[in-house]
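Have a look at the structure below before the remarks.
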Amino acid sequence: MPLISSYKEEKMDVFECIRNRYSYRGRYKNTPVPRQDLEKILKAGLAAPSACNKQTTSLIGLDDPALLASFTDLVKKNGFEGEKPPAGVCVLTRGILSYRDKPFYVQDYSAAIENMLLAITGLGYASCWIEGQVTENTETQEKFSRLLRLADDYIVVAFLPIGIPEIEAKHPTYKLFSERAWFN
Ligand SMILES: Cc1cc2nc3c(=O)[nH]c(=O)nc-3n(C[C@H](O)[C@H](O)[C@H](O)COP(=O)(O)O)c2cc1C
């Protein structure tokens, strides 16, 4: 209950957050991200729906410069073109079955990530859903796990940098509404 009620106090126009969210891969200003904001972002992630309410996603908020430098180096080695942020989130999952023989943890953490990206945008920060360059090889994932001292049943699936963007980046081109959505 405290999670939901404290999150409800935020006054954000959700449609504005949806419109403004984009993947930022440039340099960040040195301005620190207050713990209070980081906590709001984590709470937004934890408030996401999960199949059968199994809550398979866990999150680690990051504001330790050494850890952030290590994680940025790891994803850069896999081709990420962004820079070290002042804060971030590591997204963890447990690969369990949610309903009978069905796993839904990918959907669970995807919902959590999108909630966080919208909260990040709403608070005036930029981010990027870095998953491909985290899960590209098990070596990278294991390095993340070791740095975070994770228990064996947690898998690192994504890293979200958080910070104030130094440059104004552009949204990519999206297909037209009529190409991807229909009525009746
Ligand atoms: C499942 C998933 C994995 C992604 N992994 C990466 C990644 O590893 N590195 C990266 O730079 N962007 C990654 N992205 C971001 C996409 O490239 C980006 O969302 C897409 O190009 C559309 O751009 P936009 O986010 O600015 O709208 C990922 C997005 C999703 C949904």
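The values are calculated or read from the model by the stated rules, or taken from the named source; none is laboratory data. Remember, it's a predicted structure, so these values are computed and weren't measured experimentally. All Cβ positions, even for glycine, are placed from backbone atoms using ideal geometry, and neighbour counts span all protein chains on display. Each accessible area value is taken on the protein alone, full model and side chains, heavy atoms only, with ligands, DNA and RNA left out. Shrake-Rupley method; radii C 1.70, N 1.55, O 1.52, S 1.80 Å.
Accessible surface for R94 stands near 60 Å², nearest 10, in the context of the full protein assembly shown (1.4 Å probe).
Using a Gaussian network model of the chain with C-alpha springs under 10 Å, which one of R27, R100, R149 is most mobile by mean-square fluctuation? So, out of R27, R100, R149, the one fluctuating most is R100.
Ranking C52, C90 from most to least accessible surface, computed with a 1.4 Å probe over the protein chains only, gives C52, C90. The share of accessible area on the stretch 30-165 that comes from carbon and sulfur is 49 percent, using a 1.4 angstrom probe. The GNM of the chain, with springs linking C-alpha atoms under 10 angstrom apart, assigns the highest mean-square fluctuation among L148, L38, L62 to L148. Between D73 and D13, the distance separating the two model label sites (each 7 Å from Cα on the Cα→Cβ line) works out to 4.3 nm.
Taking all protein chains into account, the per residue accessible area for the chain stands at 61 Å² (1.4 Å probe).
If you take the square roots of the eigenvalues of the alpha-carbon gyration tensor of the stretch 27-106 and sort them as a ≥ b ≥ c, do you get rounded (a/c under 1.5), prolate (a/b over b/c) or oblate? The shape class here is oblate.
To the nearest 10, the accessible area of K84 is 90 Å² with a 1.4 Å probe.
Can you classify the chain as rounded, prolate or oblate using the Cα gyration tensor, where a ≥ b ≥ c are the square roots of its eigenvalues, rounded means a/c under 1.5, and otherwise it's prolate if a/b beats b/c and oblate if not? Cα axes put the chain in the rounded bin. A Cβ-based charge dipole, computed about the Cα centre of the chain with Lys and Arg at +1 and Asp and Glu at -1, lands at about 180 debye. Most tightly packed first, judged by the mean number of other beta-carbon atoms within 10 Å of their residues, the peptides 19-26, 70-77 read 70-77, 19-26.
For the chain, modelled as a GNM whose springs connect Cα atoms under 10 angstrom apart, the maximal fluctuation among L92, L67, L59 occurs at L67. Sorting 171-184, 131-144 by their mean Cβ neighbour count within 10 Å, with the most densely packed peptide first, gives 131-144, 171-184.
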